[in-house]
Amino acid sequence: MKISSFNYLIRQGFKGIWKNKMMTFASFCILLVSLIMVGFAILVSINLDKVIGNIEEKSEVVVVVKDDVSKDSISDLQTKIEDIPNVSDLRLYSRDEALKDMMDKMTEAQRDYFLKYVEDNPLPDVFRLKIKDIQKMNDTTAQIGTFEGVESVQSPTEFADILISFRRIFFIVAIAIVLALVLVSLIIISNTTRASVFARRKEINIMKYVGATNSFIRIPFFIEGMVVGLLASGCALLITKFAYEGVYNILTSDYKLFGVFGLNNIYSFDSMLLPVTVSYLVAGAFIGAIGTSISTGKHLKV
Amino acid sequence: MVEFRDVSVTYSSGVDALNKVNLKINDGDFAFVVGPSGAGKSTLIKLILKEIDASTGTVLVNGFNLRKLRRKKVPALRRTIGVVFQDFRLIPTMTVYENIAFVLRVIDAPAKYIRSRVPYVISLVGLSKKAKSYPTELSGGEQQRVALARALVNDPQLIIADEPTGNIDPELSYEIVELLKGINECGTTILMVTHEHDLVRYFGGRIININKGSIQFDEVIGGSNEN
Ligand SMILES: Nc1ncnc2c1ncn2[C@@H]1O[C@H](COP(=O)(O)OP(=O)(O)O)[C@@H](O)[C@H]1O
Ligand SMILES: [Mg+2]
């Protein structure tokens, strides 16, 4: 194709946008909303994964051993727990060790007081361990609870549990909303193209008679769709950036509350800039082009 | 060259528009197609442009067998044909120059060629002074001359005109036919549909008369302008 023809097609594409201002604007808006929703869903999922991963890494399960269990039984118990596939970093924290650590933390006065009234070591032997897959944590702790000699199993905060079910629900809802919005975008863009085709029906009619190829007739509409798509991606990106950074600043501020839940550990927008930008632009251009081709296919039968 | 062999067309509505038509128009010919409204004249033209396909029979145009011609190759066929319609079909938002240049652009012609070719065909139809006018600023006869220049700009082998004088003043009709005759003398085949018998009688030449989908007669007659 000649450069002059290419320029011509680009100009025709932009003319179409201008001629069809209202419809084009509607396409732009719905696409903008869709992209922001898509971005929101992706960003929340990524960060949920990170926060959950973080909690998984930090949280230890404590298995308290009954008082009257012998040293041999304790090592039996240790092998049994070690054999569970979902357990890692198993460590025996003996009562002697625990007492020593406790004494070390006390002030002199506290220590004197303690030694005066407590004859026997009151602390239990415990195992500390980590859970590999936190989604199966409840099964694992329940299993450990059935072992002989186990007094109790203390699992970490249930916050991880809540996050995990939230992630599951969020994922389903997000996919449903995103799919619906993408569908609506496609319909509206294809209607915009239809209006554009209608506005140019005389030209198209002549083009067909003089032997313009189908692709030549379609290219301006594609350009129209792509430009709207890319514009919407650009704006969606900016809006997402500001919104995200607002939330990010709140969560990473000095309030301890968010830190406790590990929520301060989310990604910064800049660290996700490249993948987010690329997915926005690709999604915008893609939805624009597909929406356009739906109606050019139907209305440009030559 | 246009050749019809036993061509019939039945529209999906059940109307038999053409019935076993046999017809041959050689390169360089000038032929009038006449007949009453509904005779099948436009159907003939739609077949040549492959807007529709023959229900039975074979249509050959400029070396293309239209039955075998794939959809993708239709543009190649149409680039060998110039078309003129009764209603001009000019684009109102484009000047005379743009209306014509547009045709070359959409078939991907070089910009340099467009810049020299368009003024040339505009001069051929005598509208050089109106190149920058819009269609609404022109008379019917002038608009049809623009349409003629547009049909011509691509240097087609064949020009088909479906009642080109139907929407313009009778005295200006002669002008249009004169122009077509001039184009024909340079070697382009012309097929002109009309139901203006005065015009046909005046110019004479090959007359193909269609009625109810069949060719009634196909003869060469002398024109009254020649004596
Ligand atoms: N697209 C169509 N669908 C159904 N019938 C048609 C169509 N086009 C034309 N016809 C019918 O075919 C016959 C021939 O039409 P046409 O070729 O347009 O005649 P003419 O141009 O000689 O007036 C007419 O009876 C007309 O009603
Ligand atoms: Mg007709």
- Task: Scan the stretch B:145-176 for residues that are closer than 25 Å to B:Asp27 by Cα, within 16 Å of ligand 2 (Cβ to nearest atom) and of a type in the set (S, T, N, Q) and jot them down.
- Result: B:Thr165
- Item | Enumerated helices (runs of 4 or more DSSP H) restricted to the stretch A:94-198, each holding at least 1 residues that are open to solvent by less than 100 Å² (accessible area, probe 1.4 Å) and hydroxyl-bearing (Ser, Thr, Tyr) | A:137-145
- Identify, please: which residue in the stretch B:39-58 is over 13 Å from B:Tyr11 (Cα atoms) and more than 14 Å from chain A (Cβ to nearest Cβ) and is, among those, farthest from ligand 1 (Cβ to nearest atom)? B:Thr58
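Determine whether B:Tyr174 is in a helix (DSSP H, G or I), of a type in the set (Ser, Thr, Tyr) and within 30 Å of B:Gly63 (Cβ to Cβ).
On the way: in a helix (DSSP H, G or I): yes; of a type in the set (Ser, Thr, Tyr): yes; within 30 Å of B:Gly63 (Cβ to Cβ): no.
No, not satisfied.
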- Please name all residue pairs, on different chains or six or more residues apart, with Cβ atoms under 6 Å, provided the first residue is in the stretch B:202-227 and is within 16 Å of ligand 1 (Cβ to nearest atom) and the second residue is at pLDDT 95 or above and among the aromatic types (Phe, Trp, Tyr). B:Ile207/B:Phe32
- Complete set of residues in the stretch B:94-107 that are within 9 Å of chain A (Cβ to nearest Cβ) and of a type in the set (Ser, Thr, Tyr): none
- Identify the residue in the stretch B:1-22 that is farther than 12 Å from B:Leu47 by Cα and of a type in the set (Gly, Ala, Ser) and, among all such residues, is nearest to ligand 1 (Cβ to nearest atom). B:Ser13
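Looking at the stretch B:41-73 only, could you name the residues that are in contact (Cβ under 8 Å) with a residue 24 or more places away in the chain, within 16 Å of ligand 2 (Cβ to nearest atom) and not in a loop (DSSP other than H, G, I, E, B)?
Listed by number, the residues that qualify are B:Lys41, B:Ser42, B:Thr43, B:Leu44, B:Ile45, B:Leu47, B:Ile48.
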- Scan the stretch B:18-30 and give yes if some residue there is part of a loop (DSSP other than H, G, I, E, B) and within 14 Å of another protein chain (Cβ to nearest Cβ), otherwise no. no
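Can you work out which of the residues in the stretch B:74-93 that are among the aliphatic types (A, V, I, L, M) and not in a loop (DSSP other than H, G, I, E, B) is nearest to the other protein chains (Cβ to nearest Cβ)?
Only one residue fits best here, namely B:Val83.
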- Being away from chain B (no Cβ under 14 Å) and modelled with pLDDT of 90 or more narrows A:Val260, A:Val278 down to just A:Val278
- Residue hits (the stretch A:16-51; touching a residue at least 12 places away in the same chain (Cβ under 8 Å) and closer than 13 Å to A:Ser196 by Cα) are A:Gly16, A:Ile17, A:Lys19, A:Asn20, A:Met23, A:Thr24, A:Ser27
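Any idea which of B:Phe85, B:Phe102, B:Phe30 is within 22 Å of B:Val125 (Cβ to Cβ), within 15 Å of ligand 1 (Cβ to nearest atom) and surrounded by 19 or more Cβ atoms within 10 Å (Cβ to Cβ)?
Every option except B:Phe85 fails the conditions.
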- Query: Is there a residue in the stretch A:35-51 that is more than 30 Å from A:Ala285 (Cα to Cα) and either hydrophobic (A, V, I, L, M, F, W, C) or not assigned by TED's automatic domain parsing to the domain that holds A:Leu186 (or both)?
  - Reply: yes
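The values are calculated or read from the model by the stated rules, or taken from the named source; none is laboratory data. Because the structure is a prediction, the values reported are computed rather than measured. Neighbour counts are summed over all protein chains in view; Cβ atoms, including those assigned to glycine, are modelled from backbone coordinates with ideal geometry. What goes into the accessible areas is simple: the full protein's heavy atoms, side chains included, and nothing from ligands, DNA or RNA. Shrake-Rupley method; radii C 1.70, N 1.55, O 1.52, S 1.80 Å.
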